[in-house]
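Structure first, then comments.
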Amino acid sequence: MSDGLDLHLSDGDGFEETGVLGVCVLVLRLMCSAALLFIMIVTFVDVFMSNFFAAPITGSSEMVMFAMAILIFSSFPLVTLREQHISVGILHGHLSGVSLWIQRLVVLGASFLACTGMAWQLLKDGIQLSGEQQATMVLQLPLGPLDYFMSALSAVSALALVLLLLRHLITPMAHPMKSPP
């Protein structure tokens, strides 16, 4: 009986995106798409209104900044799960076998700790911002909920790293790890 969470490899190098994981990925993709579309529409309308009617959208920069935070933090778990971060291959070609496996384990563990720390700090900041009722200057958008959102998605990225760690620990020799290109 499956809980809907697949930990096995797909034909590519990532997880099969079915069940619960597939739904989560779809929701994150939709959030990214909606945020990017919103940014494009607001920017287009703002420029159009500024140039042709000398009446830009009030608070458009605040709306775009919020949407950028949503876009970046919604894509963070997707990039993490697929291991598509920008990386430097200093040790490329110098490690193999067990040393490469250990290096990958250390990198995944350090990444997990960094994501967990970031989620914790953003949560603390959100609590402070909400307590002080901090908001943007023009539209008075509350900043606390945005920090909570960023904290939650940083925690989702940490969960993605847990999946990667589990896959790495469960199948260390079935799929030998190679250095990034």
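The values are calculated or read from the model by the stated rules, or taken from the named source; none is laboratory data. Computed from a predicted model, the values in this text were never measured in an experiment. Using ideal geometry, Cβ is built from the backbone for each residue, glycine included, and neighbour counts are taken over all protein chains shown. All accessible areas refer to the heavy atoms of the entire protein, side chains included, with ligands and DNA or RNA removed. Shrake-Rupley method; radii C 1.70, N 1.55, O 1.52, S 1.80 Å.
Okay, here's what the table says:
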| item | result |
| --- | --- |
| Test: residue in region 88-105 that is β-branched (Val, Ile, Thr) and assigned to a loop (DSSP other than H, G, I, E, B) | yes |
| Qualifying residue in region 123-135 (condition: hydrophobic (A, V, I, L, M, F, W, C), open to solvent by less than 60 Å² (accessible area, probe 1.4 Å) and touching a residue at least 40 places away in the same chain (Cβ under 8 Å)) | no |
| Whichever residue in region 136-162 is open to solvent by 50 Å² or more (accessible area, probe 1.4 Å) and of a type outside the set (A, V, I, L, M, F, W, C) and, among such residues, is nearest to Thr80 (Cα to Cα) | Tyr148 |
| Matching option when the condition is at negative phi, at pLDDT below 90 and open to solvent by less than 50 Å² (accessible area, probe 1.4 Å), among Leu95, Leu165 | Leu95 |
| Residue count for region 98-120, restricted to those that are in contact (Cβ under 8 Å) with a residue 12 or more places away in the chain and open to solvent by 80 Å² or more (accessible area, probe 1.4 Å) | 1 |
| Number of the condition not met by Thr80 [criteria: (1) in contact with a Ser or Thr (Cβ under 6 Å, 6 or more places away or on another chain); (2) closer than 30 Å to Thr171 by Cβ; (3) of a type outside the set (Lys, Arg); (4) free of Cβ contacts under 8 Å to residues at least 12 places away in the same chain] | (4) |
| So Thr136, is it over 30 Å from Val23 (Cβ atoms) and among the β-branched types (Val, Ile, Thr) | yes |
| Tally, over region 34-59, of residues that are part of a helix (DSSP H, G or I) and open to solvent by 70 Å² or more (accessible area, probe 1.4 Å) | 11 |
